[in-house]
Amino acid sequence: MRILISGASIAGPVLAYWLDRYGFDVTVVERTPAPRKTGGGHAVDLFRPAMQIVEQMGVADQIRAKATGTEALVLRRPTGKPVTLDLRKLFTAVSDNHVEIMRDDLSELLYNATCSDVDYIFADSITAIDDGEVTFERSRAQRFDVIVGADGLHSNVRALTFGPESEFTTWLGAYLAIFSVPNYRELDGVMEMIVDSGRMAGIYSAAHMDDARAGFFLRLPQPLDYHHRDIERQKQLLHNHFHDMKWEVPRLLAELDHTPSFYFDSIMQLRLDTWSRGRVTLVGDAAYCPGPAVGGSTSMAVVGSYILAGELAAHAGDHAAAFATYEREIGEYVRRSRGFAVTAAKSLIPRGRLEVWAMVNAIRLINVLPAPVSRAAAKLNTKGVRLHDSIAVRDYTGFDRMRE
């Protein structure tokens, strides 16, 4: 059975690994000209279910070795003394098995775990899908039994199969920008941020990185007018909304003209009633992004990919039956993540001085609570901060190489 996956970031390689392990013939097509390189991207989180999956893939130790090592957040306000949050205490309360890693480090490790067994096609993309017939931008047309869109929030496969992105997205009221800057503050295990009404900005680095990342969060009553590929317009919007912010913000904005990597997007949520149509299905952010930076989408992408591969194996390649079960298995996780993301998006960026005050005092409370008390309190909230650790995933490993 031939399976085509579009996207070689996170969900794509995880799905490819398990499909190959179950004996399927797998091809991955990726529009970038080469595999993503170590040290790029932004920090992402893997929680217990995802870590259990990468443990079975044999890459968990490598992932832990590439952890960012960020242990503290120093939060500043326009007035008042900074407060410091012990992130180790926060992470252990949220998850019993958590790793924060730079996205491109994770992508590279997952690619390396699959590239010797899976056929990767770089610098190409899908232009048309007709039942199982797939037309590519550069390669010759081919037929596949299953086509999977693992190509992110702005999925090409989803657009070709389901229609315009605007029909399935809900804006959560905020924007996020991440870009590379020199680590001129010589950060080591510390993230520094300044928060004000409706906006936050900061800088962090990671172990194994020579540079740093600037992060900007913006909350607005109405959406901004821009195209998601118009980088110059996005940079100008950052200048417009942050030019009067103090501390290190002017220095960080000055780096926009020189940064080698830049990411800007709305914090929006995908809401599709189904992720499958015919021989096509979606996984990860292409299917059910709960919202960048607020919903644990990277961990969900790993779990969803594992479930999809397992259901295709369990149903012996009957894609219609596999897709239906896959959607049932991941559905509750997606719905709960959507709800959590909406709440998180509202609380992530304070709207006014009262919410800034509440954020600062929440940090102070976390710092004074003993770690066992923090963990015990968090475990009572499986719909919130413990959402990801509370997910139970079926064991599909009995289907290893079932088709050989």
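Just so it is clear, none of the values below were taken in a lab; they were calculated from the coordinates. These figures come from a predicted structure and were not determined experimentally. Cβ placement follows ideal geometry from the backbone for every residue including glycine, while neighbour counts extend to all protein chains displayed.
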Checklist outcome for this item: Given backbone amide H placed at 1.01 Å from N, residues whose amide H is under 5 Å from that of residue 181, ignoring those fewer than 5 places away on the same chain, are 212, 213, 214
Checklist entry - Counting DSSP beta bridges in region 16-122, what percent are antiparallel, to the nearest 5? => result 70
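Given contacts defined as C-alpha pairs under 8 Å and at least six residues apart, what's the relative contact order of region 54-112, whole-number percent?
Details: 46 pairs, mean separation 22.1, N = 59.
Dividing the mean separation by the residue count of region 54-112 yields 37 percent.
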Checklist entry - Taking N as the number of residues in the chain, what is its Cα Rg relative to 2.2 N^0.38 Å? => result 0.98
Next on the checklist: Can you compute the FRET efficiency between residue 351 and residue 265 using 1/(1 + (r/R0)^6), with r the Cβ-Cβ distance and R0 = 22 Å? Round to the nearest 0.05.
Outcome noted: 0.60
Checklist entry - If each of residue 135 and residue 335 carries a label point 7 Å out from its Cα toward its Cβ, how far apart are those two points in nm? => result 3.9
Checklist entry - If the cut-off is 17 Å between C-alpha atoms, which aspartates and glutamates fall inside it for residue 346, apart from same-chain ones fewer than 8 positions away? => result 196, 265, 355
Checklist outcome for this item: The distance between the Cα centres of region 6-33 and region 241-291, in whole Å, is 23
Checklist outcome for this item: Residues of region 287-313 with backbone N under 17 Å of the label point set 7 Å from the Cα of residue 170 along Cα→Cβ are 287-297
Checklist entry - If you line up the long axis of helix 297-314 against the longest principal axis of the chain, both from Cα atoms, how many degrees apart are they, to the nearest 10? => result 20
Checklist entry - If you look at just the Cα atoms of region 109-193, how large are its Rg and its Dmax in Å? => result 19.0, 54
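With r defined as the distance between the Cβ atoms of residue 72 and residue 324 and R0 fixed at 60 Å, what FRET efficiency is calculated, to the nearest 0.05? It would help to have the intermediate numbers written out before the result.
Values: r = 46 Å, r/R0 = 0.76.
Using R0 = 60 Å, I get an efficiency of 0.85.
To the nearest 0.05, what FRET efficiency results for residue 240 and residue 100 with a Förster distance of 35 Å applied to their C-beta separation? Provide the component values of the computation, followed by the final result.
Numbers: r = 31 Å, r/R0 = 0.88.
Efficiency computed from Cβ-Cβ geometry: 0.70.
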Checklist entry - For region 202-207, in order, what is each residue's ³J(HN,Hα) by Karplus, 6.51 cos²θ - 1.76 cosθ + 1.60 with θ = phi - 60°, in whole Hz (x at glycine and Pro)? => result x, 9, 8, 10, 8, 4
Next on the checklist: Below 8 Å, C-alpha to C-alpha, sequence gap of six or more: please give me the relative contact order for region 170-327 in percent.
Outcome noted: 23
Checklist entry - If you plug each phi of region 169-175 into the Karplus form 6.51 cos²θ - 1.76 cosθ + 1.60 with θ = phi - 60°, what whole-Hz ³J(HN,Hα) values come out, in order, with x for Gly and Pro? => result 10, 10, 6, 9, x, 8, 9
Checklist entry - In Å, what is the Rg of the alpha-carbon atoms in region 111-254, and how long is Dmax? => result 20.2, 56
Checklist entry - For the chain, what's the relative contact order in percent, using C-alpha pairs closer than 8 Å and at least 6 residues apart? => result 23
